[in-house]
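Data block below; observations after.
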Amino acid sequence: MDKQKLEYLQSKALDVRKIAVEMIGRLGVGHIGGTLSIVDLLAVLYYDLAKVDPKNPKDPNRDRIVMSKGHAGPALYSVLAEKGYFPMEEIKTLNQSGTNLPSHCDMNKTVGIDMTAGSLGQGLSCAVGMALAGKIDKKDYKVFCILGDGESQEGQVWEALMYAGNMRLGNLVIFIDNNGMQIDGMTADINAIEPLEEKGNAFNLHTQRINGHDIEAIENAINTALSIKDKTSLIILDTVKGYGVDWVSSKGAGCHSMSITEEQWREFCGKEDE
């Protein structure tokens, strides 16, 4: 990746982080930790590799992006707003009555959302179905699915992984946001999901493990995944919950959902009082 492209994607990731912090900050509380840990992945997908168009959000040939860890919806909403899927002013309505931006992603409310999420573990099954449909219909679109590590304790996730591996869905790329924490504490203490690489390989998945905040590594891993035509790909993203905002990441598992003061979000976003 050349320097200009890297700097562009890094700047977009910062823009998205600021929007997400403002969005949750205006509400006063929200799932900020797991929102911030996937921003770098979303920057690479939406600003570089994924075939998407805000002017034609229902294009049948578009790539699909499934946010299975739906409580990280603010990360996705921030990207969609920045790219012009809907007016930026709407970020002020997060999780409020009548909003198009509910706490968890809803394809019937938000332009640009490809699958509704809520009950954790279900998104991957939907993504597998989308990929299988594309394969049957001989379509070129790709399906990208983002899972949480705590979410991956759900049995349905492993049933879907088993089926994806068996069907050799080369048009499906699965990401696990492996930030090591969930609402009740450390993932390893609650119900460990490691060793992820060995499990991915055992399920007949093309498995890679990378630093989930290294934009160049993310792009290289996705390009490698897309070059594998006869296997579903699994990319394990080793991330930091709350990455990019020190007063969030320093809370550890406590930043899964946390309060944010107006002073905090305005200072981070560089916005003066209105």
For the stretch 255-274: of the residues being in contact (Cβ under 8 Å) with a residue 60 or more places away in the chain and either acidic (D, E) or in a helix (DSSP H, G or I) (or both), which is most open to solvent (accessible area, probe 1.4 Å)?
E262
Among (1) closer than 20 Å to S227 by Cβ; (2) surrounded by 18 or more Cβ atoms within 10 Å (Cβ to Cβ); (3) not basic (K, R) - the single one L101 does not satisfy
(1)
For the stretch 223-254, give me each residue that is assigned to a helix (DSSP H, G or I), within 17 Å of V143 (Cβ to Cβ) and hydrophobic (A, V, I, L, M, F, W, C).
A225, L226
Has the stretch 167-177 got any residue that is open to solvent by 20 Å² or more (accessible area, probe 1.4 Å), under 20 Å from the mean Cα position of the chain (by Cα) and under 22 Å from G34 (Cα atoms)?
no
Taking the stretch 121-150 on its own, how many of its residues are under 22 Å from D184 (Cβ atoms) and surrounded by 22 or more Cβ atoms within 10 Å (Cβ to Cβ)?
7
Index of the failed condition, Y163 passing every other in (1) open to solvent by 50 Å² or more (accessible area, probe 1.4 Å); (2) under 15 Å from the mean Cα position of the chain (by Cα)
(2)
Lone qualifier among V66, V21, V39 - being surrounded by 24 or more Cβ atoms within 10 Å (Cβ to Cβ) and within 14 Å of D114 (Cα to Cα)
V66
Within the stretch 190-204, considering residues that are in contact with a strand residue (DSSP E or B) (Cβ under 7 Å, 6 or more places away or on another chain) and of a type in the set (A, V, I, L, M), the one surrounded by the fewest Cβ atoms within 10 Å (Cβ to Cβ)
I190
Yes/no for A117 being crowded, with 16+ Cβ neighbours inside 10 Å, in a loop (DSSP other than H, G, I, E, B), small (G, A, S) and within 17 Å of the chain's Cα centre (by Cα)
yes
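The values are calculated or read from the model by the stated rules, or taken from the named source; none is laboratory data. What you see is a predicted model, and the numbers here were worked out from it, not measured in a lab. With ideal geometry, Cβ positions are generated from the backbone for all residues, glycine too; neighbour counts draw on all protein chains shown. Note: areas computed on protein heavy atoms with side chains; ligands, DNA, RNA excluded. Shrake-Rupley method; radii C 1.70, N 1.55, O 1.52, S 1.80 Å.
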